[in-house]
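In what follows, a structure is listed as structure tokens, so that the remarks can point back to it.
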Amino acid sequence: MAVIVDYDAGNLRSVQRACDEVGLTATISDDPKTIRRADRIIFPGVGAAGSAMRSIRKSGVDVALRQAFQAGVPILGICLGLQISLEFSEEDNQTTLGFLPGNVCRFQLDGPDLKIPHMGWNGVTWNLPPDDPMRRELTDGDQFYFVHSYHVENEDERLSLMKTNYGYPFTSGLSYENCFATQFHPEKSQAKGLQIYRNFLEKIP
């Protein structure tokens, strides 16, 4: 059973439709017991770190997610789901879930041509070898859809799977133990985004 975590912070139906496209049946739930029983978890999100953390703490989803991570359940984090899986976010000065090492900071950009949020299509450069299952059918330069004002910093460079340039290079994908996470939205990224879901489904039986 796959579960898409519901904490009032994302277009969950789009994520569910993307799962359907690749043959992954996924239930949307905000119930900690359901999340703890999941065989794999998709943790999406848009919005602000502070309100997101208040929501998941109130429901007990924060504890369920940590327990699932510690139990080795495969987790796919998306956008805000990536950011609040880290240890701290400058957005709202928020202590976050902490099962991924690293912090989140606001873009510091120079020049009138670069605006915050970083919104739209942008390419990635992979740090994974071409034969890695998460990179199957994906190459350097593939375009994905981003919407964010904050990005990962201070992570262990060995965990950085993808880089994207917006004024300067930033980490657009992380992998740590059983968690794979992207700053972009695969569900909004057409065929290449669906391949991310497909690879996540097939990487870990």
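Summarising the amide proton neighbourhood of A38: residues at separation of 5 or more, or on other chains, whose placed amide H is nearer than 5 Å comprise an empty set.
If you take the Cα centroid of segment 117-143 and the Cα centroid of segment 26-48, the two points sit 25 Å apart. Each other residue within a Cβ distance under 11 Å of M53 adds +1 if Lys or Arg and -1 if Asp or Glu, for a net charge of 0.
Let me have the relative contact order for segment 1-157, percent, based on Cα pairs under 8 Å that are six or more residues apart.
Details: 280 pairs, mean separation 28.2, N = 157.
Contact order relative to length: 18 percent.
Please state the shape class of segment 52-95: rounded when a/c is under 1.5, otherwise prolate if a/b exceeds b/c and oblate if not, all from the C-alpha gyration tensor. Oblate, because a/c is 1.5 or more while a/b does not exceed b/c.
In the chain, what % of DSSP beta bridges are antiparallel (nearest 5)?
Numbers: 25 of 41 bridges.
Antiparallel bridges make up about 60 percent of those DSSP assigns within the chain.
Karplus-derived 3J(HN,Hα) values for segment 176-191, using 6.51 cos²θ - 1.76 cosθ + 1.60 with θ = phi - 60°, are 8, 6, 9, 10, 10, 8, 10, 6, 7, 9, x, 5, 9, 10, 6, 5 Hz; glycine and proline are entered as x.
With bins 5 Å wide beginning at 0, the percent of Cα pairs of the chain falling in each bin runs 1, 8, 17, 22, 22, 17, 9, 3, 1, 0. Just so you know, the Cα atoms of segment 73-166 work out to an Rg and Dmax of 14.1, 44 Å.
Residue pairs exceeding 24 angstrom between C-alpha atoms, taken from K163/K188; K115/K188; K163/K203; K33/K58; K115/K163: none.
Taking only protein heavy atoms and a 1.4 Å probe, what accessible area per residue, in Å², does the chain have with all protein chains in place?
Values: 9080 Å² over 205 residues.
Result: 44 Å² per residue.
Taking amide H as placed 1.01 Å from N in the peptide plane, M162 has its amide H under 5 Å from the amide H of N127, S172, G173, each at least 5 places away in sequence or on another chain. Placing dummy labels 7 Å off each Cα toward the beta-carbon, the span from D31 to R66 is 2.3 nm.
The values are calculated or read from the model by the stated rules, or taken from the named source; none is laboratory data. The structure displayed is predicted, hence computed values, not measured ones. Because the Cβ atoms are built from the backbone with ideal geometry, glycine has one as well, and the counts that use them run over all protein chains shown. For accessibility, only protein heavy atoms count, side chains too; no ligands or nucleic acids. Shrake-Rupley method; radii C 1.70, N 1.55, O 1.52, S 1.80 Å.
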